[in-house]
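Peer 1: Quick one: structure below, then a few questions.
The values are calculated or read from the model by the stated rules, or taken from the named source; none is laboratory data. Worth saying up front: this structure is predicted, and the values here are computed from it rather than measured. With ideal geometry, Cβ positions are generated from the backbone for all residues, glycine too; neighbour counts draw on all protein chains shown.
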Amino acid sequence: MLKTIARLAGLAVLLAGLVACDNQDTKKPEAPKPQPKPVATQPAPPAPVPAVETKPTPPPGLSVSLQKGKITFELPAGFSDQTKLSGIVNDDKSIIQMFLNGKARQRTVASEVNAPAGMKLNTSDTMLKDLTQSIITELGDRYQNIKKTKEENITIGKQKFHRLDTEQTVNGQKVVSTIMLTVFNKRVVTLQMLSPAKTPEVHQALVQRIIDTLAVK
């Protein structure tokens, strides 16, 4: 049963002051200087209030919705929805959405897959990890030299996700990947982000943007 889910999810996956000081000491006494004439003075203006540093607001991105709007997140500017152009055919068993950023050469895939009849899904650590591992196993025939770099559970609101970061070779090119998987409304929901391995900071920015904007109702 896990293999069936993995095959569907795997199919979806394929398709970040200077201070001055003066020395006034001398060896010769100085002649007294004449007293200066009094002059009118004005109070010094108040010191300027230091500016409060604020993080720059990122440009508007692309809003993505799953589970009829119950799960939403935002992709960075530059992404576009390529689901229809990719030839993906969705049905009542699985829904796949694909988004591309041609300039950064990044891809994000979101999928919702029904569990096979008779299979009970849950959000236990074991279930989420097994589901994620089954996807990686399914991709083993298409990805080469898969190496896990990070694995953890994260919670968004009250929803638990299993996150797995990997490095691998796809069609002769090294890429980095992040998979975030959860079980929601009796469906396996998977997000995968792919970026060239030579720009890990751009990949991390993509992952963080999704995590920061991810909402589960």
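Peer 1: Can you find, within the stretch 129-138, the residue that is nearest to the chain's Cα centre (by Cα) among those that are of a type outside the set (S, T, N, Q) and either farther than 19 Å from residue 184 by Cβ or loosely packed, with under 12 Cβ neighbours inside 10 Å (or both)?
Peer 2: The selected residue is 136.
Peer 1: Something else now. Being assigned to a strand (DSSP E or B) and of a type outside the set (A, V, I, L, M, F, W, C) is the filter here; which residues of the stretch 129-148 pass it?
Peer 2: If the condition is that a residue be assigned to a strand (DSSP E or B) and of a type outside the set (A, V, I, L, M, F, W, C), then 144, 145, 147, 148 are the ones that fit.
Peer 1: Given 108, 126, which one is buried (at least 22 other Cβ atoms within 10 Å of the Cβ) and among the hydroxyl-bearing types (Ser, Thr, Tyr)?
Peer 2: When all the criteria are applied, what remains is 108.
Peer 1: Follow-up. Quick check on residue 68: is it basic (Lys, Arg) and under 17 Å from residue 216 (Cβ atoms)?
Peer 2: Yes, satisfied.
Peer 1: Among residues belonging to the stretch 39-79 that are surrounded by 10 or more Cβ atoms within 10 Å (Cβ to Cβ) and assigned to a loop (DSSP other than H, G, I, E, B), point out the one that is modelled with the lowest pLDDT.
Peer 2: Per the stated criteria, the residue is 58.
Peer 1: All but one of (1) closer than 27 Å to residue 82 by Cβ; (2) under 21 Å from the mean Cα position of the chain (by Cα) hold for residue 158, so report the exception by its number.
Peer 2: Result: residue 158 passes all but (1).
Peer 1: Name the residues in the stretch 135-185 that are under 17 Å from residue 210 (Cβ atoms) and either in contact with a His (Cβ under 6 Å, 6 or more places away or on another chain) or of a type in the set (Lys, Arg) (or both), would you?
Peer 2: Matches in the stretch 135-185: 150, 153, 160, 163, 176, 181.
Peer 1: Under 6 Å between Cβ atoms, which residue pairs at least 6 apart in sequence (or on different chains) link something in the stretch 190-202 that is within 18 Å of residue 77 (Cα to Cα) with a partner that is surrounded by 15 or more Cβ atoms within 10 Å (Cβ to Cβ) and among the basic types (Lys, Arg)?
Peer 2: What qualifies is 194/107; 196/105.
Peer 1: I'm trying to understand the selection: among the residues of the stretch 98-128, which are farther than 17 Å from residue 183 by Cα, part of a strand (DSSP E or B) and of a type outside the set (A, V, I, L, M)?
Peer 2: Residues satisfying the conditions are 99, 101, 106, 107, 108.
Peer 1: Could you count how many residues in the stretch 166-215 are β-branched (Val, Ile, Thr) and surrounded by fewer than 19 Cβ atoms within 10 Å (Cβ to Cβ)?
Peer 2: Number of matching residues: 6.
Peer 1: Now a separate question. In the stretch 139-152, what count of residues is obtained for those that are surrounded by 14 or more Cβ atoms within 10 Å (Cβ to Cβ), closer than 27 Å to residue 71 by Cα and in contact with a strand residue (DSSP E or B) (Cβ under 7 Å, 6 or more places away or on another chain)?
Peer 2: The qualifying residues number 1.
Peer 1: Modelled with pLDDT of 95 or more and loosely packed, with under 14 Cβ neighbours inside 10 Å, is that true of residue 155?
Peer 2: Judged against the criteria, residue 155 is a match.
Peer 1: Something else: What single numbered condition from (1) among the basic types (Lys, Arg); (2) touching a Ser or Thr at 6+ places or on another chain (Cβ under 6 Å); (3) within 19 Å of residue 63 (Cα to Cα) fails to hold for residue 217?
Peer 2: It is condition (2) that residue 217 fails.
Peer 1: Report yes if residue 204 is in a helix (DSSP H, G or I), more than 17 Å from residue 111 (Cβ to Cβ) and out of contact with any strand residue (DSSP E or B) (no Cβ under 7 Å at 6 or more places or on another chain), otherwise no.
Peer 2: yes
Peer 1: Just give me the residues in the stretch 90-121 being of a type in the set (A, V, I, L, M) and either modelled with pLDDT of 90 or more or in contact with a strand residue (DSSP E or B) (Cβ under 9 Å, 6 or more places away or on another chain) (or both), in sequence order.
Peer 2: Selection gives 95, 96, 98, 100, 104, 109, 110, 113, 115, 121.
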